[in-house]
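Here's the structure, in structure tokens; my notes come after.
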Amino acid sequence: MVELDDPAQLAPVVADMSWLESLAGTVLIDEWQRHPPVWDFVRRAADAGTGPGRYLLTGSAAPSSAAVHSGAGRIVRLRMRPMSLAERGLVAPTVSLGALLTGDRPRVGGESPLGLPDYVEEVLASGFPGIRTLAGRPRRLQLNGYLDRVVDRDFPELGFLVRRPATLRAWLAAYAAATSTTTSYNTLLRAATAGYGEKPAKTTTIAYRDTLERLWLLDPVPGWVPGHGHLGRLGQAPKHHLADPALAAALLGVDAGKLLTGAEAGPPVPRDGTLLGALFESLVTLSVRVYAQPHEAQISHLRLWDGRHEVDLVVERPDGAVVAVEVKLGSVIEDHDVRHLRWLAEKLGDRLLDAVVVSTGPVAYRRPDGIAVVPAGLLTT
């Protein structure tokens with residue numbers, strides 16, 4: 001491992017990148033964006049016949065310079081998200097998203113000991129390996145320190161001078177409060193700057209959003225574009241998600257007690273349901289995205305423009321067939337909870353491979369209508 005955020009390790013790379021060729025085995029170059037010419041060095045090594053897996057480039061941000069080659073045909077890009085529920089080792093998962101994507105309607109079964117308090121703990125614990133082992137104040141300090149570094153260090157490194165750090169933190173808090181919603185960016189700006197005499201320009205907040213996406217801190221879910229017009233007019237606004245729901249909880253200053261009692265926090269942002277429901281959906285969304293990636297499936301959400309029907313997650317295979325996923329905080333799933341999935345099944349027919357409700361319940365099973373009910377902890381790749 002070569003860590004380019006360490007000046008002592010960066011110096012020999014800057015002086016002579018061919019030094020990397022002398023290292024044996026797989027070479028992981030961390031924070032490669034600190035010296036973007038490394039990207040072109042690896043690209044040229046691939047052109048010269050270096051085999052797959054020789055170099056791994058990891059980084060917490062996209063470089064501000066666009067002077068590097070795309071890497072097409074040589075370098076494969078993968079987004080590495082925080083740990084999913086299955087990766088956290090809480091319970092042995094029994095339901096495979098890959099099996100659901102086959103369209104064979106596989107048998108669904110298994111039991112989970114996890115209850116609502118356990119999922120609340122996972123929202124707060126984070127999927128960052130170095131943070132989730134902490135508890136209480138140390139964990140809160142680490143999460144808030146991570147956010148502080150984004151504002152104080154990462155923004156300037158990408159060439160963006162934050163003139164009012166408090167305004168950026170307020171915008172981030174508004175974004176966190178809007179987790180799992182399609183709240184407009186204008187509404188977020190109003191919520192973030194309520195009581196401010198002089199509000200930042202819209203171009204400034206757009207720059208916030210773009211820079212935060214380059215830093216992998218935002219992970220919005222786009223609206224689904226199904227490729228045909230049988231569903232009616234669809235909303236295209238993205239659903240707001242931070243990279244990890246624990247960051248949203250930290251920005252809003254909530255703990256398990258506040259979440260379990262239904263307390264609201266942060267700037268006033270329109271939302272159906274509770275904050276805990278929104279953060280649980282974000283936790284499931286993070287996990288489903290991780291499970292979908294090996295199957296080359298894309299994740300979207302579906303919402304009619306008037307809100308009459310919506311599906312939390314649409315997992316789409318490359319051929320356009322989909323698995324529809326609803327996320328419910330409750331442990332008991334009733335007919336009312338699956339009405340949108342039934343509507344989508346009528347609209348899509350055979351194109352709908354399977355339909356799933358992810359819940360906090362104890363048992364995985366199929367309802368008489370064929371819809372799978374799966375505890376969040378039992379779902380995996």
Cα long-axis angle, helix 37-47 against the chain (0 to 90 degrees, to the nearest 10): 80
Ranking of PHE280, PHE128, PHE160 by count of other Cβ atoms within 10 Å, fewest first: PHE160, PHE128, PHE280
Listed residue (ALA192, TYR175, GLY110) projecting farthest to the positive dipole end of the range 103-214, Cβ model: ALA192
Alpha-carbon spread of the range 2-58, three principal axes, descending order, Å: 30, 19, 18
0 to 90° range, to nearest 10: angle between helix 136-149 axis and the chain longest Cα axis: 60
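For a quick check: sort SER180, SER331 by the number of other beta carbons within 10 angstrom, fewest at the front. It would help to have the intermediate numbers written out before the result.
Working: SER180 26, SER331 14.
Final ranking by Cβ density, sparse to dense: SER331, SER180.
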Hypothetical label at ILE75: residues of the range 25-44 whose amide nitrogen lies under 12 Å (7 Å Cα-Cβ projection): 29-44
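If you count the DSSP beta bridges with both ends in the range 86-380, what percent of them are antiparallel, to the nearest 5? Don't skip to the answer; put the middle values down first.
Numbers: 15 of 28 bridges.
Taking every DSSP beta bridge with both residues in the range 86-380, the antiparallel ones total about 55 percent.
Which number gives the lysine pairs in the range 86-380 that have C-alpha atoms under 26 Å apart and are eight or more places apart or on different chains? Walk me through the intermediate numbers first.
On the way: LYS199/LYS239; LYS202/LYS239; LYS239/LYS258; LYS239/LYS328; LYS239/LYS347; LYS258/LYS328; LYS328/LYS347.
Lysine pairs satisfying the spacing and distance rule in the range 86-380 number 7.
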Estimated inter-spin distance, ARG339 and LEU304, nm [label 7 Å along Cα→Cβ]: 1.1
For the range 258-340, alpha-carbon Rg and Dmax in angstrom: 14.5, 44
For the range 204-267 and the range 292-368, distance of Cα centres in Å: 19
Residue-by-residue Karplus 3J(HN,Hα) for the range 169-182, coefficients 6.51, -1.76, 1.60, Hz, glycine and proline x: 4, 5, 5, 5, 5, 5, 4, 4, 5, 8, 3, 6, 10, 10
Proxy reagent accessibility, fewest Cβ within 10 Å first, across VAL374, VAL13, VAL332: VAL332, VAL13, VAL374
The range 315-381, Rg to Rh (Cα coordinates; Rh as Kirkwood inverse mean 1/r): 0.96
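Based on a Kirkwood Rh over C-alpha pairs, give the Stokes-Einstein translational diffusion coefficient of the chain at 4 °C and viscosity 1.567 mPa s in µm²/s. Before the final figure, lay out each step's value.
Values: Rh = 22.4 Å.
Roughly 58 µm²/s, to the nearest whole number.
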Rounded tilt (10° steps) of 202-214 against the dominant C-alpha axis of the chain: 80
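Could you state, as a whole-number percent, how many of the C-alpha pairs of the range 149-246 are farther apart than 23 Å?
Values: 1437 of 4753 pairs.
Percent of Cα pairs beyond 23 Å in the range 149-246: 30.
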Three principal axis lengths of the range 247-296 [C-alpha, angstrom, descending]: 38, 21, 17
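Throughout, read-outs are computed from the coordinates displayed, never taken from laboratory work. Just so it is clear, the model here is predicted, and its values are computed rather than measured. Don't worry about glycine lacking a Cβ; one is built from the backbone with ideal geometry, like all the others, and counts go over all protein chains shown.
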